[in-house]
Every structure is written in C-alpha cells, then in structure tokens.
Amino acid sequence: MSKKFVIGDRLKDEWISVLDTEKKKLEFTNHLASAKEYLLEEDAQANLQKIQETGYFSDLQIYMKEDNKAYKIDERDSFQS
C-alpha cells in the first residue's frame, strides 16, 4: 500500500482540504477523509513551507495517512514493533 501524506493539526482535527498557492486560497476541513493528499512527502513539505512563509500556521505539520488515521512521520513504525 502506498503512503499518502496530509498537512494539518491533529490536535485541533484540522486538515488542509484546498490549497492553491497561485490564487492564495487555503481551506480547512475537520474530516481527515476530505484532506488534500500528497503521494510524496517532499511535495507536502514544499507546500507546508510555502504556507508557513506567511508567518501564520506554524502549528501545521505533515502526517502520514493510513486507515483514515493520521500519524506523524515514523510514528506508525513504532506501533508495529
């Protein structure tokens, strides 16, 4: 199964659902299933960096999405010992 990545804040249950840097459009959802998914962690990281360059949204992080749950990078591996 391929990994998918999302950007959000797990504690607040807020996930980016729409991100268009050209139109400066950013929308959030509280449904992980509706979150914008990235196939590569690098793509998610590049977009997160663009968002945080504004000086806002410093609480956002990249999470790996699996089984409709969000895990910090490498967090899931520690559960499968």
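Data overview
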quantity	calculated
Flag if Glu14 is surrounded by 13 or more Cβ atoms within 10 Å (Cβ to Cβ), of a type outside the set (Val, Ile, Thr) and in contact (Cβ under 8 Å) with a residue 12 or more places away in the chain	yes
Odd one out for Lys36, checked against (1) part of a loop (DSSP other than H, G, I, E, B); (2) loosely packed, with under 11 Cβ neighbours inside 10 Å	(2)
Any hit, the range 36-49, residues being within 9 Å of the chain's Cα centre (by Cα) and aromatic (Phe, Trp, Tyr)	yes
Residue within the range 54-76 that is small (Gly, Ala, Ser), modelled with pLDDT of 90 or more, in a strand (DSSP E or B) and under 10 Å from the mean Cα position of the chain (by Cα) present	yes
Filter pass, Thr29 being of a type outside the set (A, V, I, L, M, F, W, C), farther than 14 Å from Phe5 by Cβ and modelled with pLDDT of 95 or more	yes
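The values are calculated or read from the model by the stated rules, or taken from the named source; none is laboratory data. Remember, it's a predicted structure, so these values are computed and weren't measured experimentally. All Cβ positions, even for glycine, are placed from backbone atoms using ideal geometry, and neighbour counts span all protein chains on display.
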